[in-house]
Amino acid sequence: MMRRDLPHDGSGELPRALRDPMLTVVMPAYNEARNLGATLGLVCAALRRLATRWEVVVVDDGSRDDTAQLMSPPPSGVRYLRLARNFGKEAALTAGLVHARGDVVWLMDADGQHPVDLMPEMLQAWRDGADHVCAVRQARDDETWLKRLGTTWFYRVVNMGSPVPITPDAGDYRLFDRCVVNALNALPERNRFMKGLYAWVGFEPRAIAYQPLPRAHGKSSFSTLRLARLAMTGITAFSNLPLRLWSGIGAIAALGALAYGCWVVVEHFAAGHPVPGWPTIVAGLMFTAGVQLLSIGVLGEYVGRIFDEVKQRPVFLVAHDSGAPAEQPAAMAVARPLGLAGERA
């Protein structure tokens, strides 16, 4: 009988179009108990249609609502991680990626705004060869003009000072091949700005346009202050533009002071005009002091990030893991590259 070999990609593996990959959806959740059940139902139904092997990793980022009760026990196919406190969405995403086991990994929000109808198209892009697929928001008409302006300028500032451009309007709704997940998990940063890390690891993203669905219940937990802090983390982590900007302002101020000094000397000796008095001197000193304080503040932000990094604290701590081995001692903490996982006694 003639042997018929299946095609492969040269590495001994079947091409993606013929594989049955294990799929993982990482879903960070913070006070989303009212939305989580419906979102899980939609996601699990979509995964059943796409693959025979799949899992959903729900990362409870220190929720104060009924999320823990809702996930006790978690539905079939769902792994529930509860962090020891609220570490922030970036840490929750990191925890989910560290614990994800799939060959293909999605990141999705728990509020139901990421449409599951897009999942087949994203998976097909992976089968066509894309290692990184990102959903790019088409419009922000539902946001205030101030938030839209802030988002626009944030991406401009980051991309002007960063050697690695970040795709504007691409949020956390993404699909990764296992090679991208491994690359992200290998990065040692403690101050993690995930959108920047997605871009830094490379693997040219394939963009798919989408429009978020309206929230069924509640409001986003991201306040203006939290968004501002995240923006500051992103700017200081991936852009040196603020440092260059204040260096330029300092140079301009110094040149202006030199020009003004020369003008005063010429006026005094050539025209006999008296040297300007205290008001001019005080105004100049106050301007210079203000520039110095602002530049010190900008520099302090970068120094603060360095201080956080050298402490080498874990990005997250896991208080409970429904998928932990039963034989693992309750008080045992397992060290991971970016976090600590264990279960309370």
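Pull out all pairs, ordered by first then second residue, where Cβ-Cβ is under 9 Å, the residues are six or more apart or on different chains, the first lies in the range 255-267 and is closer than 13 Å to Gly284 by Cα, and the second is part of a helix (DSSP H, G or I).
Ala257/Gly284; Ala257/Thr288; Tyr260/Thr280; Tyr260/Gly284
Using the structure shown, decide if Ala139 is in a strand (DSSP E or B) and either modelled with pLDDT of 85 or more or loosely packed, with under 15 Cβ neighbours inside 10 Å (or both). Before you say what the answer is, go through the steps one by one.
Numbers: in a strand (DSSP E or B): no; either modelled with pLDDT of 85 or more or loosely packed, with under 15 Cβ neighbours inside 10 Å (or both): yes.
Answer is no for this residue.
Looking at Ala130, Ala199, Ala125, Ala183, can you tell me which residue is assigned to a helix (DSSP H, G or I), surrounded by 16 or more Cβ atoms within 10 Å (Cβ to Cβ), at pLDDT 85 or above and in contact with a Lys or Arg (Cβ under 6 Å, 6 or more places away or on another chain)?
Details: Ala130 fails: assigned to a helix (DSSP H, G or I); Ala199 fails: in contact with a Lys or Arg (Cβ under 6 Å, 6 or more places away or on another chain); Ala183 fails: in contact with a Lys or Arg (Cβ under 6 Å, 6 or more places away or on another chain).
The unique qualifying residue is Ala125.
Please name all residue pairs, on different chains or six or more residues apart, with Cβ atoms under 8 Å, provided the first residue is in the range 45-59 and is assigned by TED's automatic domain parsing to the domain that holds Asp103 and the second residue is among the polar types (S, T, N, Q).
From residues that are assigned by TED's automatic domain parsing to the domain that holds Asp103, the pairs are Trp54/Thr24; Glu55/Thr24; Val56/Thr24; Val57/Thr24.
For (1) surrounded by 24 or more Cβ atoms within 10 Å (Cβ to Cβ); (2) small (Gly, Ala, Ser); (3) more than 16 Å from Arg215 (Cα to Cα), each residue gets a yes or a no:
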site: Val26; (1), (2), (3): yes, no, yes
site: Ala33; (1), (2), (3): no, yes, no
site: Gly41; (1), (2), (3): no, yes, no
site: Arg49; (1), (2), (3): no, no, yes
site: Asp65; (1), (2), (3): no, no, yes
site: Ser76; (1), (2), (3): no, yes, yes
site: Asp103; (1), (2), (3): no, no, yes
site: His114; (1), (2), (3): yes, no, no
site: Pro120; (1), (2), (3): no, no, yes
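Restricting attention to the range 176-199, which residues are touching a Pro at 6+ places or on another chain (Cβ under 9 Å) and among the aromatic types (Phe, Trp, Tyr)?
Tyr198
The values are calculated or read from the model by the stated rules, or taken from the named source; none is laboratory data. Quick caveat: nothing in here was measured; it's all calculated off a predicted structure. We place every Cβ from the backbone using ideal geometry, glycine too, and count neighbours over all the protein chains shown.
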